[in-house]
Amino acid sequence: MKRVQTLDGAFNDLMEASGLAQDERAINQALRNFTAAVGFDRFAYLNVRAGDARALSNYPADWQHTYLDNNYAAIDPVVTIAKRTMQPFVWSREENAGNVPETVRFFGEAADFGIRSGVSIPVRGGFGRTALLTLATDRPSADAEVRNSIHAITAVAFVHVHLNRLVRAPHSTMVVLTPRQSLCLSWASMGKTMDEIAELLGISERAVRFYVKGARDRLNATNTTHAVRLAVEQGLI
């Protein structure tokens, strides 16, 4: 019988694979491996801003086109819950469809493509952005539990930051930050203090200050707030 990793136990593998990835295709494969390792069928990484959504997913192509072309991120109950709670959560068609016709129709369409339940892990990005990693299955309910929310959110934030860096790099001659520098600035953009970032990443506050200073130096920023603004403008976080 195939061994299925727990969600919490697989996050380290996901971060390691993402950190080694040299292109978006490698990130996609890392997410595929992570999804299979924890016993799910599908994954979707969604980067949402008002009126815009970008996805990296192994959902059926027809569903991806339908979702993006119709801007379903604006009505997707999973995205709505993610923005409201900003914590990992389990969802299902049966539990979350409700009685609103638009929502019932949405879940019905998703179920036609084998997406009936799952677990989602949101991360708040800077300037109104939300990154969301969803693992989905065609089972009526997802047998999953995220016991270590900080670990889960950190892993998704790591994927988010590293993917943004890889996507932007081929089209730009701008500054390149290390994954740790990008991750520290990303948390800073969410209002986290140095000691809070240290706790989230499991490193010392001194190390966080080192990474933030390195990012400031590379960006030629006068302070951390300035560094965050420059990093956002250049698509580094």
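Structural remarks
- Tabulated pairs, the range 210-237, first farther than 14 Å from ILE197 by Cβ, second among the β-branched types (Val, Ile, Thr) and at pLDDT below 90, C-beta under 6 angstrom, 6+ apart or interchain: ARG218/VAL175; LEU219/VAL175; ALA231/ILE237
- Condition check for ASN33: free of Cβ contacts under 8 Å to residues at least 24 places away in the same chain, more than 15 Å from the chain's Cα centre (by Cα) and not in a helix (DSSP H, G or I): no
- Of all the residues in the range 59-112, those that are more than 17 Å from the chain's Cα centre (by Cα), outside any helix (DSSP H, G or I) and either of a type in the set (A, V, I, L, M, F, W, C) or on the phi < 0 side of the Ramachandran plot (or both) number 7.
- Test: residue in the range 59-71 that is of a type in the set (A, V, I, L, M, F, W, C), surrounded by fewer than 20 Cβ atoms within 10 Å (Cβ to Cβ) and modelled with pLDDT of 90 or more: yes
- Enumeration of residues in the range 191-213 that are buried (at least 16 other Cβ atoms within 10 Å of the Cβ) and closer than 24 Å to GLN87 by Cα: LYS192, MET194, ILE197, ALA198, LEU200, LEU201, VAL208
- When we screen THR85, THR35, THR80 for residues that are in contact with a strand residue (DSSP E or B) (Cβ under 9 Å, 6 or more places away or on another chain), among the β-branched types (Val, Ile, Thr) and surrounded by fewer than 16 Cβ atoms within 10 Å (Cβ to Cβ), the only hit is THR85.
- Test: residue in the range 23-32 that is closer than 23 Å to THR178 by Cα, of a type in the set (Gly, Ala, Ser) and either surrounded by fewer than 20 Cβ atoms within 10 Å (Cβ to Cβ) or touching a His at 6+ places or on another chain (Cβ under 7 Å) (or both): yes
The values are calculated or read from the model by the stated rules, or taken from the named source; none is laboratory data. Because the structure is a prediction, the values reported are computed rather than measured. All Cβ positions, glycine included, derive from the backbone under ideal geometry; neighbour counts span all protein chains shown.
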